[in-house]
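The values are calculated or read from the model by the stated rules, or taken from the named source; none is laboratory data. The structure displayed is predicted, hence computed values, not measured ones. So basically every Cβ, Gly included, is an ideal-geometry build from the backbone, and we count neighbours across all protein chains shown. Areas reflect the complete protein model, heavy atoms only, side chains present, ligands, DNA and RNA absent. Shrake-Rupley method; radii C 1.70, N 1.55, O 1.52, S 1.80 Å.
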Amino acid sequence: MSHPFLEIENLKKSYPGKEKGQEFVVFEGANFTIDKGEFVCVIGHSGCGKSTILNILAGLDEASDGFVFMHGKDISGPSLERGVVFQNYSLLPWRTALQNVAFGVKARWPKWSKEQVTDHSLKYLELVGLKDAEHRKPSQLSGGMRQRVSIARAFATQPQLLLMDEPFGALDALTRGVIQEELIKIWGETKQTVFMITHDVDEAILLSDRILLMTNGPHARVAESVKVSIDRPRKRSDIVHHPDYYKIRNHLVDFLVNRSNEENTVPLHSQESATPVEVDLAS
Amino acid sequence: MLNSLRVKSTLLSIILLVLLLGIWEGANQAPADSKPLTEYELLMGGASQEARVPPPSDVIALGWKELSDPFYDAGPNDKGIGIQLGYSIYRVLVGFFLAALIAIPIGFLIGMSPLMYNALNPFIQVLRPISPLAWMPLALFIIKDSEVSAIFVIFICSIWPMLINTAFGVANVRKDWINVARTHQLTPIQTALQVILPAAAPTILTGMRISIGIAWLVIVAAEMLVGGTGIGYYVWNEWNNLDLSSVIFSIFMIGVIGMILDLLLAYAARWVEYQE
């Protein structure tokens, strides 16, 4: 039997409450799968536990219940097979841009020679358009450039799954737009499987194949899986004219504004009931 | 603007120096005698009955003489200032580096493990406030060697700032950088050397800088107790010789060497500094 690339089964995160026997459930009954090469975004209000899901996938946090399988194998602890791009870039400030990328490359292929590591790192720095800034320290780079270095570091290790935690959240709108296009370009070349968290509805539609919608916490759930039926390659300026664009956008906004609060009043009976509703708005 | 500020401050420093030396010089002149000395006064070596602090001109003249031949050795009671300072610097450096060798690894351990922190913290809190000189009798009794005892006192006084700063620096490395190490599957040793050490290095260097300052303060007192050689012994010996010019000159030299030691570590700190 063939497994999907990534399977999340009945995942739950809770913390012990103030009184004995009480528990504070952040989210529960999260069930979804991701196929190889798919770009999946998660949208939800703050506090619904989307970052926690990403950290569990990265192996940095532990689930209270449920399983995560990659290639049918249980995930335990962090791994180079799962690269992470953090919201606050998390570059090592005492290393130059090139050395930061090389840090990942060296960890991935410890037996490589120094030239191999440098060449490979430079290739990815060039991919994000930072070849000229290779010798600069993160403090000498703008926010957008730092996140580019961070993205280069993650892509350079060629992980099977790339996890991005609101990678553009701290950037201004113009820079964000430019890096989004670059991300599409790199993703088009490498066909990475990406799991990304975002707050931005337009960003999600531009980038992803599928959008997972989460209800509000506590007791948050992955309620819907919306297919983005817009052909690739996509351009920011073009997709707004696509007939499905506003249908999808309105559906997402409606969910976030009106429905994200109601969903978790429905009690969780079984695993089946927690499977997200598949939504396809293609005309 | 900055340049003119620097010029002004330098000028002001020089004026203050000249003013201070002038007052010092003027206040400590032997009174000019109007009458010729009596036979008794001649026998007693002058009219002035009051001992005076030597004026700066005497100190500078002595300093010039000492510094033009700093390494002469005319027996145990008469060695050049360079030799005495050399002994002191040697003791401080040996004690300091031995302390670093122990304090930094233990600081790492305490900083990385809350268990070790809680277990060792009471010991540190009790041992840290003890004046290093209080250890001297015990050290002399156990070690039975005054030279090694002096080094031990330096060791024990330099260990605490380095230990505490290392532990603090290591414990406060940003969680994100640790997560970067974890997602890149670095071994604990690799994480310690490639992420935690460079991240904590500025804090560790600050601890080392505090330590060497304290060590230099303590060596003078320790050598006064231990005797034999060293700048601390020299100051006390010249006091016994009632050579106050030498006392003042060596006080000045203690200050200069202390400043140089601090500058060296400040320079080293710049190598490991980073901007976030």
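Annotations for the structure displayed:
- Residue that is farthest from A:Ala154 (Cα to Cα), among those in the range A:59-81 that are among the aliphatic types (A, V, I, L, M) and either facing another protein chain (nearest Cβ under 7 Å) or in a loop (DSSP other than H, G, I, E, B) (or both): A:Ala63
- Matching residues in the range A:82-106 - criterion: being among the hydroxyl-bearing types (Ser, Thr, Tyr) and at the interface with chain B (Cβ under 7 Å from one of its Cβ atoms): A:Ser90
- B:Ser245 vs. criteria open to solvent by less than 40 Å² (accessible area, probe 1.4 Å), part of a helix (DSSP H, G or I), touching a Pro at 6+ places or on another chain (Cβ under 6 Å) and more than 30 Å from B:Ala201 (Cβ to Cβ): yes
- Residue satisfying all of: in the range A:107-149; within 14 Å of chain B (Cβ to nearest Cβ), in a loop (DSSP other than H, G, I, E, B) and farther than 24 Å from A:Val178 by Cα; least open to solvent (accessible area, probe 1.4 Å) among these: A:Trp109
- Test: B:Tyr267 is hydroxyl-bearing (Ser, Thr, Tyr), without any contact (Cβ under 8 Å) to a residue 40 or more places away in the chain and either part of a helix (DSSP H, G or I) or open to solvent by 50 Å² or more (accessible area, probe 1.4 Å) (or both): yes
- Looking across A:Leu171, A:Leu163, A:Leu206, one residue alone is open to solvent by 10 Å² or more (accessible area, probe 1.4 Å), at negative phi and among the hydrophobic types (A, V, I, L, M, F, W, C). It is A:Leu171.
- Subset tally (residues that are within 12 Å of chain A (Cβ to nearest Cβ), touching a residue at least 12 places away in the same chain (Cβ under 8 Å) and out of contact with any Ser or Thr (no Cβ under 7 Å at 6 or more places or on another chain)) for the range B:179-196: 4
- For the criterion of being within 14 Å of another protein chain (Cβ to nearest Cβ) and surrounded by fewer than 17 Cβ atoms within 10 Å (Cβ to Cβ), B:Ile204 fails.
- Only listed residue being open to solvent by 20 Å² or more (accessible area, probe 1.4 Å) and in contact (Cβ under 8 Å) with a residue 12 or more places away in the chain, chosen from A:Gly47, A:Gly17: A:Gly47
- Scanning the range A:20-44 for residues that are open to solvent by less than 60 Å² (accessible area, probe 1.4 Å), part of a strand (DSSP E or B) and acidic (Asp, Glu) yields one hit, A:Glu28.
- Residue ranges of helices (runs of 4 or more DSSP H) in the range B:85-173 with at least 2 members under 17 Å from B:Thr203 (Cβ atoms) and not aromatic (Phe, Trp, Tyr): B:146-171
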